[in-house]
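The block underneath contains the structure these notes are about, expressed in structure tokens.
The values are calculated or read from the model by the stated rules, or taken from the named source; none is laboratory data. Everything quoted here is computed from the prediction, not taken from an experiment. Here the Cβ positions follow ideal geometry from the backbone for every residue, glycine too, while neighbour counts run over all protein chains shown.
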Amino acid sequence: MTAPAVGGTPPSRVTIRDVARAAGVSRQTVTRAINEMPEISEATRQRVMRTVEELGYRPNRFAIDLSRQRTHAVGLIVRTFLNPYYAQLADAFITELRRRDWQVVVGTAEQGEAEAVRSMASQADAIIGYFVRPQEEFAAAARGVPIVQLEQRATIPGVHSVELDFRTGITDLVAGLRAKGARRFAMIDAAITNSEGVTAGSPRRSFFEEAVGAPCLVVTEPETIAGGANGFKRLLAEDPEIDTVLAFNDLMAMGAVQGAHTLGVDVPGTVRIVGIDGIALGEAISPTLTTLSLETHAVAAEAASILAELFASEPMPSASITRAVTPAVLWRESA
């Protein structure tokens with residue numbers, strides 16, 4: 001059976017060699033049994049399949065027949081498609097992975113991260129995704145399938161990462177806003193529940209306050225357009241002198257623009273409004289939304305480069321591989 005995690009190390013992945021050794025047959029026989037090919041007896045097929053079940057072996061469902069060149073199946077798990085950012089991210093990954101002739105399977109973590117990873121691990125050779133639960137949890141659910149975590153740095157073997165350098169991106173954003181005359185900053189943040197179940201401000205808030213140089217007025221709202229609109233009204237009610245508002249994401253920033261219109265506040269003449277994500281939908285509002293773009297195509301390219309390195313190694317390295325992408329400001333009309 002799959003080896004249990006010890007000392008923070010995720011379980012090792014059962015290979016076709018393990019099945020062949022345990023069943024006392026060749027790798028070719030295991031392949032024939034799994035794919036219901038001829039040239040083996042029914043008794044041998046049943047013995048192999050019992051061993052597959054006992055060991056928890058996960059064959060690659062998208063693999064090309066061993067007599068041909070093999071392809072890879074990659075699973076992408078996003079939090080939800082209710083936020084258009086994740087649709088844009090998925091599009092970037094599909095474009096990049098198909099360019100490499102890899103299969104792509106897309107799912108969400110709305111039913112729970114461990115369950116999403118467990119389900120995806122039965123279909124993919126590697127998994128890419130946004131996760132907030134402890135890395136040990138989703139690594140165990142993957143049963144040895146390598147994972148590339150987005151945004152946060154990986155800290156355990158078998159999990160790799162593409163970090164987003166928010167500190168540099170937000171520092172550049174604040175410097176640019178100051179050059180445009182911003183002096184009184186505020187933020188509409190989202191409540192983030194960490195791996196211990198504690199709800200607190202987002203890391204984006206910490207980087208923003210660091211770049212501003214002091215704590216600033218912050219309100220917390222749901223990650224929605226309505227949340228952004230309500231957050232903007234709360235900020236202005238508390239401090240009418242605010243001249244610059246950063247929202248946790250673009251949806252909230254678009255809501256803030258809507259809230260400003262409702263109050264008769266000129267954007268950007270009276271208050272500048274900025275989002276984070278870089279979704280194309282930000283160009284469809286008036287004024288068009290200035291945003292800190294998370295560079296989805298660069299994220300997809302870096303994640304794919306990690307997978308290419310893993311797929312080229314036999315066995316796959318367990319030491320974490322990390323790449324970094326720095327968000328970039330897209331200056332539009334709202335700031």
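Details
- Residues (within 22 Å of residue 82 (Cβ to Cβ) and in contact with an Asp or Glu (Cβ under 8 Å, 6 or more places away or on another chain)) located in the range 206-253: 219, 220, 221, 227, 228, 230, 231, 248, 249, 250, 251, 252
- Only a single item in (1) over 24 Å from residue 176 (Cα atoms); (2) aliphatic (A, V, I, L, M); (3) in contact (Cβ under 8 Å) with a residue 12 or more places away in the chain is not met by residue 247, and it is number (1).
- Filter result for residue 124 (among the small types (Gly, Ala, Ser), closer than 17 Å to residue 299 by Cβ and assigned to a loop (DSSP other than H, G, I, E, B)): no
So that you can scan it fast, the table gives a plain yes or no per residue for (1) in a strand (DSSP E or B); (2) of a type in the set (Val, Ile, Thr); (3) in contact with a Lys or Arg (Cβ under 8 Å, 6 or more places away or on another chain):
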residue	(1), (2), (3)
85	no, no, no
91	no, no, no
95	no, yes, no
104	yes, yes, yes
111	no, no, no
160	yes, no, no
174	no, yes, no
187	yes, no, yes
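- Count of the range 86-121 residues, restricted to those that are within 12 Å of residue 303 (Cβ to Cβ) and without any contact (Cβ under 8 Å) to a residue 12 or more places away in the chain, is 0.
- Inclusion of residue 139 among residues that are modelled with pLDDT of 90 or more and under 16 Å from the mean Cα position of the chain (by Cα) is not warranted.
- None of 133, 184 is at negative phi and either among the small types (Gly, Ala, Ser) or not assigned by TED's automatic domain parsing to the domain that holds residue 227 (or both) except 133.
- Residues that are closer than 22 Å to residue 83 by Cα and not hydrophobic (A, V, I, L, M, F, W, C) within the range 94-112 comprise 95, 96, 107, 108, 110, 111, 112, listed in sequence order.
- Within the range 219-335, helices (runs of 4 or more DSSP H) holding 3 or more residues that are of a type in the set (Ser, Thr, Tyr) and surrounded by 15 or more Cβ atoms within 10 Å (Cβ to Cβ): none
- Pick from the range 156-184, criterion surrounded by fewer than 19 Cβ atoms within 10 Å (Cβ to Cβ) and within 16 Å of the chain's Cα centre (by Cα), ranking: farthest from residue 324 (Cα to Cα): 165
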